[in-house]
Amino acid sequence: MVEKSGGEILAKHLSKVFLKGMGGFSEHQQPPTALKRDTAPHGERMPSKFSTWLLGWQKVIGRRAGEVRVELSTLDVQAQLYRLSGDYNALHVDEAFARRVGFPRPVLHGLATLGFAARAVIRALGDNIAASLKAIGGRFAAPVLPGDTLLVSMWPAAGDESEQLARAEGELESTDRVYEFEVRVKGRAGPMATVISRGKAVLRQAARPCRRTTSRAPGELLARL
């Protein structure tokens, strides 16, 4: 995401998709050799070591000293509201379509769920200042149904080798704080209870405060950067 007028980079979005049971479409018996960081096809830049670390594809240490928990409730119409961002996938609003692909009813957008996680991190660890959040990532493990209550657990990261490398290469500042987090659905049991696992969030030591303005809805505030 860049600023339209000056071209300044405002944010980077990196995602990976794993399709269970899919395959057989490659001519190679062995996976191809990984491309180097700056030699992706069509001139695209490969994900940095920092981005790979942030997405949490490595083993989670799971130390939970100093754990903090935040509870957030989604609305029954949460998917319809998030749909206004431009994601018109029928899975999130059409009950018949959702049942055809194996869900009991429409599910919440994954990025909406990640947004709730970011909100919890900012509220609990960033002094409620949006600009304190520098980066966030995780693994979507199960869907959220609109109306679910989310339990977000956060704890200081253990400081593994990947994090130390990111700091050594300057992609993490010495003052940045790193936390791991997990998002679960309140009242849901079994392996589908965890909806985001292997979460990591990076917070700046100091950040400028938000400018607040009163919204049209009485008693509500909209936070603007």
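A few comments on the model shown:
- Residues whose amide H falls under 5 Å from that of residue 134, counting only those 5 or more places apart or on a different chain, are 202, 203, 204, with hydrogens built in the peptide plane.
- Taking θ as phi - 60° and the Karplus parameters 6.51, -1.76 and 1.60, the scalar couplings of segment 119-133 work out to 4, 5, 4, 4, 5, 7, 10, x, 6, 6, 10, 4, 5, 6, 7 Hz in sequence order, x denoting glycine and proline.
- Distance between segment 133-161 and segment 73-97 - C-alpha centres, whole angstrom: 21 Å
- If R0 equals 25 Å, the separation of the Cβ atoms of residue 124 and residue 186 corresponds to a calculated FRET efficiency of about 0.90.
- Each residue in 181, 116 was given a count of other beta-carbon atoms within 10 angstrom of its own, and listing them fewest first yields 116, 181.
- Summing Lys and Arg as +1 and Asp and Glu as -1 over all other residues whose Cβ lies under 13 Å from the Cβ of residue 125 gives a net charge of +3.
- Under 11 Å, Cβ to Cβ, from residue 1 - net charge with Lys/Arg +1 and Asp/Glu -1: 0
- Nearest-0.05 FRET efficiency for residue 76 and residue 173, computed from C-beta distance (R0 45 Å): 0.65
- Segment residue 141-residue 67, extension gain: residue separation times 0.36 nm, minus the distance between their alpha carbons: 24.6 nm
Every number in this text was worked out from the coordinates using simple rules, so none of it is lab data. Since the model is a prediction, treat every value here as computed from it, not as a measurement. Positions of Cβ are backbone-derived with ideal geometry, glycine not excepted, and every protein chain shown enters the neighbour counts.
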